[in-house]
Amino acid sequence: MIKQISHLGVAVKDLEAAREFYRSVLGLQSSEPIMSEDGRMQGSLVEIGNAVIELLQPLGSEGVMAKFLEKRGEGFHHICYEVDDMTAEVESLKAKGIEVIGEPTEGIEGLSVFLHPRGTHGMLVELVEKNK
Ligand code: CO
């Protein structure tokens, strides 16, 4: 079951510059940069009331984030829904014919997996089961 929106993912070229923008222009604090497990990107979470924006910067020229930035430039990247049971959710989506990209992996907030925009009316969707 989907519980709520966990965060909105935003692709940025330079995480430090983006964090500085959120801090000095918008007056919002962000978490210290967190490296992804594969080392291909780093992220930082900006909390705004009950909402969270995830800033993501690719490291190097390989990987999906680097390809996204190259093709589309900076900006909105994905919406992330929090689920209570990742295994059940993935199983149910697959049964409904939705394209799940790979297997769930440990991300910034917990166990995470992406759904291909082909099956979601154009949105790159992330699901996360938060670490308890
Ligand atoms: Co995300």
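In this structure, SER44 qualifies as of a type in the set (S, T, N, Q), within 14 Å of the ligand (Cβ to nearest atom) and within 18 Å of VAL10 (Cα to Cα). Of everything in segment 81-101 that is assigned to a helix (DSSP H, G or I) and of a type in the set (A, V, I, L, M, F, W, C), the residue that is farthest from the ligand (Cβ to nearest atom) is ALA95.
All told, ALA11 falls short of being within 25 Å of GLU129 (Cβ to Cβ), hydrophobic (A, V, I, L, M, F, W, C), modelled with pLDDT of 95 or more and surrounded by fewer than 11 Cβ atoms within 10 Å (Cβ to Cβ). Among the residues of segment 48-58, not a single one is without any contact (Cβ under 8 Å) to a residue 24 or more places away in the chain and farther than 19 Å from HIS7 by Cβ. Condition first: of a type outside the set (Val, Ile, Thr), within 13 Å of the ligand (Cβ to nearest atom) and more than 18 Å from PRO33 (Cα to Cα). Now tell me which residues in segment 52-71 satisfy that. Of everything in segment 52-71, just one residue is of a type outside the set (Val, Ile, Thr), within 13 Å of the ligand (Cβ to nearest atom) and more than 18 Å from PRO33 (Cα to Cα), namely PHE68.
Number of residues in segment 11-33 that are in contact (Cβ under 8 Å) with a residue 60 or more places away in the chain and out of contact with any Gly (no Cβ under 7 Å at 6 or more places or on another chain): the value is 2. As an exercise: evaluate VAL25 against (1) hydrophobic (A, V, I, L, M, F, W, C); (2) more than 13 Å from the ligand (Cβ to nearest atom); (3) buried (at least 19 other Cβ atoms within 10 Å of the Cβ) and give the number of the one condition it does not meet. Result: VAL25 fails condition (3) only. Within segment 102-128, restricting attention to residues that are within 18 Å of LEU8 (Cβ to Cβ) and either away from the ligand (no atom under 13 Å from the Cβ) or of a type in the set (Asp, Glu) (or both), which residue is most open to solvent (accessible area, probe 1.4 Å)? Ranking the qualifying residues of segment 102-128, first place goes to HIS121.
Would you mind stating whether GLU32 is part of a strand (DSSP E or B) and either loosely packed, with under 14 Cβ neighbours inside 10 Å or basic (Lys, Arg) (or both)? Here the answer is no, as GLU32 does not meet what is asked. As a summary of the residue check, GLU74 satisfies the conditions (1) modelled with pLDDT under 95; (2) away from the ligand (no atom under 15 Å from the Cβ); (3) touching a strand residue (DSSP E or B) at 6+ places or on another chain (Cβ under 7 Å) except for the one numbered (1).
The values are calculated or read from the model by the stated rules, or taken from the named source; none is laboratory data. Quick caveat: nothing in here was measured; it's all calculated off a predicted structure. Cβ sites come from the backbone with ideal geometry, for glycine too, and all protein chains shown count toward neighbours. Accessible surface is based on the protein model in full, side chains and every heavy atom, while ligands, DNA and RNA are left aside. Shrake-Rupley method; radii C 1.70, N 1.55, O 1.52, S 1.80 Å.
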